[in-house]
Amino acid sequence: MDKIIIRGGKPLSGRIPISGAKNAALTLLPAAILTEEPLTLRNLPRLADIDTFTHLLNQHGVSMILEGSRPEEFGRVMTLKASRITSTVAPYDIVRRMRASVLVLGPLLARCGEATVSLPGGCAIGTRPIDLHLKGLEALGAKIELAQGYVKAMAPDGLKGGVVRFPFVSVGATENILMAATLADGETIIENAAREPEIVDLANCLTAMGAEIEGVGTERIVVKGKTRLHGATYAVMADRIEAGSYACAAAITGGELELVGINADTMGSVIQAFEEAGVSITASRNSLRVARSNGGLKGISVTTAPYPGFPTDMQAQFMAMLALADGASVLTETIFENRYMHVPELARMGADIQVRGRSAFVRGAEFLTGAPVMATDLRASMSLVIAGLAARGETTVSRIYHLDRGYERLEEKLSAVGADIERVSAG
Ligand code: UD1
């Protein structure tokens, strides 16, 4: 299994191109099921999760052509065509590898009147049920059965518009219902909808495919169902979490990076937290400049929340950065119950972190030391890389398949800005 070796202590400096957003791509890909016409997605990131998702779509009968990247964009261009859905079953073997597979449920049901999707089961960062997805589809007239670890959803006469009131915000459930509602008969109202930029990206793509959607980016989305959607070409938004992760790397190493391709408007709460921590951020039209040249990092309090709050997907990376701040920090995780698996690994590098309930108390250390550490989930793994970039000596991160799920060409991007980082094959 491959490992990443980092020799820390080099301030990063230069430009990093930000890839297409993993979480946007993972909801734009299943949107292809909604039409028999081609959907061309540009700026697709090159990630293991995208490969897993295209494999899933393939076995539903969706064909795809990969065209490579355009000169002005880093990502790839893929044309998906769901002329005929040949199977409405999403098997356990794929769904267990990637929870986002559940996003085929709404589109398959809307297009074919039935879908059978394996329950995703637990995952490293918590139990993560899909009850909200199912209740939402029931509100659109679907009959749901659970048997042998699978969800079977049926709507033989098609879905009907309805009112879906989520008791709390769910990104995935909002995406599933939004996609399903575009082909439902009549109007659907989604209340307490997620407002994440990735939802806006999905809605913009669906609109380009002929859907009629209002209230995108607010907590009340109204969809007027259509009998069919058509093909479109759409560019995936840039990855705000990748950008935020590299910003942490710049800050912890006392460096200066220009993150190219990112829309700063999608990063409001993260930018605010950086500024509170003493990191200077300059946003321009298509990039973000991050610098920590004068003065050290300051301890801050951060609480994760649905967008526009501070993203749970940035919590681990901030914790690594704050492990070297002056003074104390408190990070409180409100979205997932088990998202502190990076804490014992960061502690092995010399970080002073105590977890009590949902909060982690971080006392800034004078320095971190390199150590062998183990990646546990995607963002936790990135926190170890960030810590390793600033630590004294050598850090070896193992189980890096987690990183490959969500960070495109990580070592290449970081070495290009001065990091001493390499991937080695451990045989
Ligand atoms: C998405 C993101 C993930 C991010 C998360 C929160 C993708 C592919 N993944 O995950 O990176 O960390 O949003 O921003 O886009 N819940 C239920 N029942 C449900 C659905 C969710 O109880 O039916 C709970 C979850 O366990 C969690 C909370 O709701 O505690 C929020 O989860 P949700 O927003 O649905 O996350 P995902 O869509 O899975």
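Suppose the filter is among the hydrophobic types (A, V, I, L, M, F, W, C) and modelled with pLDDT under 95; does I130 pass it?
So I130 fits the description; yes.
Going residue by residue through the range 92-107, is there one that turns out to be within 14 Å of the ligand (Cβ to nearest atom), under 25 Å from R220 (Cα atoms) and free of Cβ contacts under 8 Å to residues at least 40 places away in the same chain?
The answer is no, given that none of the residues of the range 92-107 is within 14 Å of the ligand (Cβ to nearest atom), under 25 Å from R220 (Cα atoms) and free of Cβ contacts under 8 Å to residues at least 40 places away in the same chain.
Of all residues in the range 207-242, how many are among the β-branched types (V, I, T) and more than 17 Å from P308 (Cα to Cα)?
Result for the range 207-242: 7.
Give just the number: which of (1) aliphatic (A, V, I, L, M); (2) crowded, with 18+ Cβ neighbours inside 10 Å; (3) in contact with a Lys or Arg (Cβ under 8 Å, 6 or more places away or on another chain); (4) at pLDDT 95 or above does A328 not satisfy?
(2)
For the range 211-236, how many residues meet the condition of being part of a loop (DSSP other than H, G, I, E, B) and over 21 Å from M64 (Cα atoms)?
9
Could you tell me which numbered condition F367 fails, if it satisfies all but one of (1) buried (at least 24 other Cβ atoms within 10 Å of the Cβ); (2) not in a helix (DSSP H, G or I)?
Against the list (1) buried (at least 24 other Cβ atoms within 10 Å of the Cβ); (2) not in a helix (DSSP H, G or I), F367 comes up short only on (1).
Looking at the structure I just gave you, is R111 part of a loop (DSSP other than H, G, I, E, B) and modelled with pLDDT of 95 or more?
So R111 does not fit the description; no.
I189 fails exactly one of the following numbered conditions: (1) crowded, with 16+ Cβ neighbours inside 10 Å; (2) of a type outside the set (S, T, N, Q); (3) away from the ligand (no atom under 16 Å from the Cβ); (4) in contact (Cβ under 8 Å) with a residue 40 or more places away in the chain. What is the number of that condition?
Condition not satisfied by I189: (4).
The values are calculated or read from the model by the stated rules, or taken from the named source; none is laboratory data. As the structure is a computational prediction, the values presented were derived from the model and not from experiment. So basically every Cβ, Gly included, is an ideal-geometry build from the backbone, and we count neighbours across all protein chains shown.
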